[in-house]
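The values are calculated or read from the model by the stated rules, or taken from the named source; none is laboratory data. Just so we're clear, the structure is a prediction, and the values are computed from it rather than from any experiment. Counting neighbours? That spans all protein chains shown, and the Cβs are built from the backbone with ideal geometry, glycine included.
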Amino acid sequence: MKTILFICPYFGKLPIAHMKLWLLSCEKNPTINWLILTDDYTEELKYPSNVKVVYTTLEAIKQQVQKMFDFPIYLDHPYKLCDYKPAYGYIFPEYTKGYDYWGHCDMTDCIFGNLRKFLTDEFLTGADKFLYLGHMTIYRNTDEVNHRIFEDVSFRKNNLKEILGSERNWAFDELNPISINTIYMEYGWRIKRFDEMYADIKASEKNFVTGKYDERFIYKGPSEGKHVFEWNSGILTDWILHKDGSLTSRELGYVHFQKRCMKDKVSETIRFCIVPNAYIDTPNKIDLAFVRKHTKYCRYMYPQYFKLRYKNLKFKLKNSIKRFFVHERP
């Protein structure tokens, strides 16, 4: 079986209630390893044998990473680490040594199911990069693959220098014109997808609604249906309420519920449900009535919707002002 290591830096106070469930979902994947780099020495968490913790600081990581590059880097706040995700194989060789694959995944907004049902040896062939979004991506652990971060996109030179040297978050790990995904596509390096493996929940909806991308990695809007999830001894089930009122289910590798403050209402951790926006005890039976009860919300009664709309508007306005003054500059 191919070996996999996920590298997960996190600086600041870990969300204890969620982390207990996240670690439990890691423990139920004993053939996969996780490495957490953190400055939180909490004694409230018990780490399973397949999750290693290295206690360090963001400043120490910055100094270590700086030695790997011949240009000044910026790493003064934790969120900037998103731009470094595709570089973990290059900057942390002491941790990835001996593994067939390394990857990055989210901690504070994901729960895993049976990952090996999807990340089989058969799937992990025929490409060097697997999956394509920041909440989980896997790379073949070779020196050549780990150095691909240094390649430029066609329209910009010194791409990595500008990304890692800037205070701005460029989302190098995501889908955009200067990202690692663009580098792979321009050089003809295959990115192997498995969109059916996970549910990527939209942040702007109170309901759990997933997004979808076409074959060219272009976002095509929300998928049909509203979701609740059941975790049972390591198996993650997605219960989908369709527009026609029918209820179906499928097994997933993981769920990603970004930018949500999840309440912990679970009394037993062997089995629980994930609903907007809480972990709750699983009922005796998951049926249409249960799913309808937890998918009846409206976006206009969801404060996070307006917060995100305001944030996006502010970002667009700021960029428009910058472009205006650059254009007007003599």
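General observations
- Residue within segment 180-199 that is surrounded by 14 or more Cβ atoms within 10 Å (Cβ to Cβ), under 25 Å from residue 62 (Cβ atoms) and free of Cβ contacts under 8 Å to residues at least 60 places away in the same chain present: yes
- Within the set 25, 49, the sole residue that is within 21 Å of residue 94 (Cα to Cα) and of a type in the set (Ser, Thr, Tyr) turns out to be 49.
- Pairs with Cβ under 6 Å, 6+ apart, first in segment 255-269 and farther than 12 Å from residue 15 by Cα, second among the hydroxyl-bearing types (Ser, Thr, Tyr) and surrounded by 13 or more Cβ atoms within 10 Å (Cβ to Cβ): 266/279
- Candidates 125, 142, 182, 137: the one that is closer than 30 Å to residue 17 by Cβ and hydroxyl-bearing (Ser, Thr, Tyr) is 137.
- Selected residue [touching a residue at least 12 places away in the same chain (Cβ under 8 Å), within 30 Å of residue 98 (Cβ to Cβ) and touching a helix residue (DSSP H, G or I) at 6+ places or on another chain (Cβ under 7 Å)] from 128, 121: 128
Every residue, every condition in (1) crowded, with 20+ Cβ neighbours inside 10 Å; (2) in the same structural domain as residue 271 (by TED's automatic domain parsing); (3) on the phi < 0 side of the Ramachandran plot; (4) not acidic (Asp, Glu), yes or no:
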{"site": "159", "(1), (2), (3), (4)": "yes, no, yes, yes"}
{"site": "162", "(1), (2), (3), (4)": "no, no, yes, no"}
{"site": "166", "(1), (2), (3), (4)": "no, no, yes, yes"}
{"site": "177", "(1), (2), (3), (4)": "no, no, yes, yes"}
{"site": "209", "(1), (2), (3), (4)": "yes, yes, yes, yes"}
{"site": "213", "(1), (2), (3), (4)": "no, yes, yes, yes"}
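- Taken over segment 230-257, the criterion of being modelled with pLDDT under 95 and crowded, with 16+ Cβ neighbours inside 10 Å is satisfied by 257 alone.
- Of the helices (runs of 4 or more DSSP H) entirely within segment 16-111, those holding at least 1 residues that are under 28 Å from residue 170 (Cβ atoms) and of a type in the set (Asp, Glu) occupy 58-66, 93-96.
- When the criteria are applied in full, residue 105 meets the requirement of being within 27 Å of residue 260 (Cα to Cα), crowded, with 20+ Cβ neighbours inside 10 Å, assigned by TED's automatic domain parsing to the domain that holds residue 40 and at pLDDT 95 or above.
- The numbered conditions (1) within 27 Å of residue 263 (Cβ to Cβ); (2) of a type in the set (Asp, Glu); (3) touching a residue at least 24 places away in the same chain (Cβ under 8 Å) are all true for residue 43 except (3).
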